[in-house]
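The values are calculated or read from the model by the stated rules, or taken from the named source; none is laboratory data. Bear in mind that the values here come from a model prediction, so they are computed numbers and not experimental data. When we count neighbours, we look across all protein chains shown, and the Cβ atoms used for this are built from the backbone with ideal geometry, even at glycine.
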Amino acid sequence: MRYNRLLKDNDFLVETEYTKTLSEFAASLRYEDIPTTVLERAKMILLQTIGVSLAAKDCDIARKIRKIALEANNGNGGPATAWITGEKISAASAALIAGTVSDLLDWEDCSWTGHPSAGIIPAAWITAEERGKSGKDLLTAIVTAYEVYQRIANAAQPGPRRNELGWGLTSWQIFGVSAAAAKIYGFDPRRVDQTIGMSVESSTIPACYHNTTMSDFYHYEHGYRARTGVLIVKAVEKGVHNQRDTLDAPNGYWDMITDEPKLEWLLKDLGKQWLIMETLLKHWPANMWVQAPAEALSEIVANNRIIPEEIEEIVVDPGIEDRMWIPEEGFRSVTQAEFSVPFVLSALVHDPVPGAAWYSKANLSNPSVIRLAQRVKEGASRQISPGGGFAKFRLGDYPAHTVTVKTTDGRVLTAKAGKHPGHPHNMLTTRQFVERFELQASPVLRGERLKSAVDILLNIEGQANIAELSRVVS
């Protein structure tokens, strides 16, 4: 045994080789070992992540990250496809693009700890394309990566005081990326262990400055983690070593990343409880805590066909802490708008079809959008904090919100939403996922190409070579 870790109650010692055991699980997991329901969920997450990435085609951030990646690639081509635009570039440069656009519209997944799909799906797809792996290999890598990521991320969650200083959502993102790529590369347990160790070394400081700055660099961060994770796996393959057992070693990851390590999560029901099944898929391109108000308002808009000029006031009850802002001069970033209940609700009324248009530069300062957003008010109930929301989410629940629209002609229209479609306990059906994908992917894929992409992704386990499927992502 390499190192005895004290359990959090400090009453007794437990000897466990966490890194070795987790690495052995990741290396040995086979497609045949995974329950059908888990594989189907992995397919739906794949479908959603590619869809929301294609939906970001016309965003400035997508154009900028493409330029950055192509410059880094230095015109040398490569075996991987740049998502959206289709250039052939290196796997690392392709991961930089795909990781960024996967998170760009804030429309991907949301686990108890962050947005693993924005790293796992790009890394699994791009390395599978690079190595000519099959659809079954791809799905196995996705499931494997979710297990590794979720367990390390759950163990790394800080206590309340540290959480207030900064919840490092992208700090542990690296583990999903590197685990997916390591699985595609066919690493044995020793090299998976090494991959985890190098990911520990590449995990960022647990801080979320974007909560203060509302900088769009938050979205780029997911791309940078994806690129780094792919490069880590390449370094391990080339023989960089002596970085093992980092989930066990003294002065290891837990001493640096969290004030309250929850090590029981690392191996808890490993191979029995599939944590990918606890992942929420967002129904709307917005922050997780804006989902329920958007769901409720969409019902009102659909049933009553109201237009902005008819609305006197929109009341959200309860309001959401740090999500009710509306700057008079408009929004300075996509991120700031995605985190604003008033903006998202106003954008939805102006354009009930969700997508990149909500977050165009013009819409962020659109006078009509801003005026309606300023008429979004909080109800009388006590605000819900995102931290409290996550506590409920971990227990299988989700905050419910009532939205009331008061019109200029005296009508009062009300709807309530909680566990919206996409919540793990109210998951979208396959048909609903397909309909969302068709909407999301439409800026890039149309007609027969769109139908072909849907058919391929729904039957990805039958695909012999991901390298032949670049038309799905570009």
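So which of 151, 191 is assigned to a helix (DSSP H, G or I) and more than 25 Å from residue 35 (Cα to Cα)?
Details: 151 fails: more than 25 Å from residue 35 (Cα to Cα).
Among 151, 191, only 191 is assigned to a helix (DSSP H, G or I) and more than 25 Å from residue 35 (Cα to Cα).
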Task: Subset of region 336-368 (residues that are crowded, with 24+ Cβ neighbours inside 10 Å and closer than 20 Å to residue 385 by Cα) - done: 337, 338, 339, 340, 341, 342, 343, 344, 345
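Out of 196, 205, I need the residue that is surrounded by 20 or more Cβ atoms within 10 Å (Cβ to Cβ) and either in contact with a Ser or Thr (Cβ under 8 Å, 6 or more places away or on another chain) or modelled with pLDDT under 90 (or both). Which one? Quick ask: steps written out before the conclusion?
Numbers: 205 fails: surrounded by 20 or more Cβ atoms within 10 Å (Cβ to Cβ).
So the residue among 196, 205 that is surrounded by 20 or more Cβ atoms within 10 Å (Cβ to Cβ) and either in contact with a Ser or Thr (Cβ under 8 Å, 6 or more places away or on another chain) or modelled with pLDDT under 90 (or both) is 196.
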Open item on the list: Go through region 415-435 and report how many residues are part of a loop (DSSP other than H, G, I, E, B), of a type outside the set (S, T, N, Q) and under 20 Å from residue 39 (Cβ atoms).
Closed with: 5
Task: Top-ranked residue in region 154-179 [being among the aromatic types (Phe, Trp, Tyr) and in a loop (DSSP other than H, G, I, E, B); ranked as modelled with the lowest pLDDT] - done: 167
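Please specify each residue of region 90-140 satisfying the condition of being of a type in the set (D, E, K, R), part of a loop (DSSP other than H, G, I, E, B) and under 24 Å from residue 155 (Cα atoms). Please lay out each step first, then the result.
At the first step, the residues of region 90-140 found to be of a type in the set (D, E, K, R) are 103, 106, 108-109, 129-131, 133, 136-137.
Keeping just the survivors that are part of a loop (DSSP other than H, G, I, E, B) gives 106, 108, 133.
The one that is of a type in the set (D, E, K, R), part of a loop (DSSP other than H, G, I, E, B) and under 24 Å from residue 155 (Cα atoms): 108.
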Open item on the list: Given (1) out of contact with any Asp or Glu (no Cβ under 8 Å at 6 or more places or on another chain); (2) closer than 21 Å to residue 465 by Cα; (3) part of a helix (DSSP H, G or I), identify the lone condition not met by residue 38.
Closed with: (2)
Open item on the list: Of the residues 60, 137, 103, 109, only one is acidic (Asp, Glu) and in contact with a Ser or Thr (Cβ under 6 Å, 6 or more places away or on another chain); which?
Closed with: 109
Task: Of all residues making up region 270-303, the number that are aromatic (Phe, Trp, Tyr) and part of a helix (DSSP H, G or I) - done: 1
TODO: Tally the residues that are modelled with pLDDT under 95 and under 23 Å from residue 104 (Cα atoms), restricting the search to region 251-305.
DONE: 0
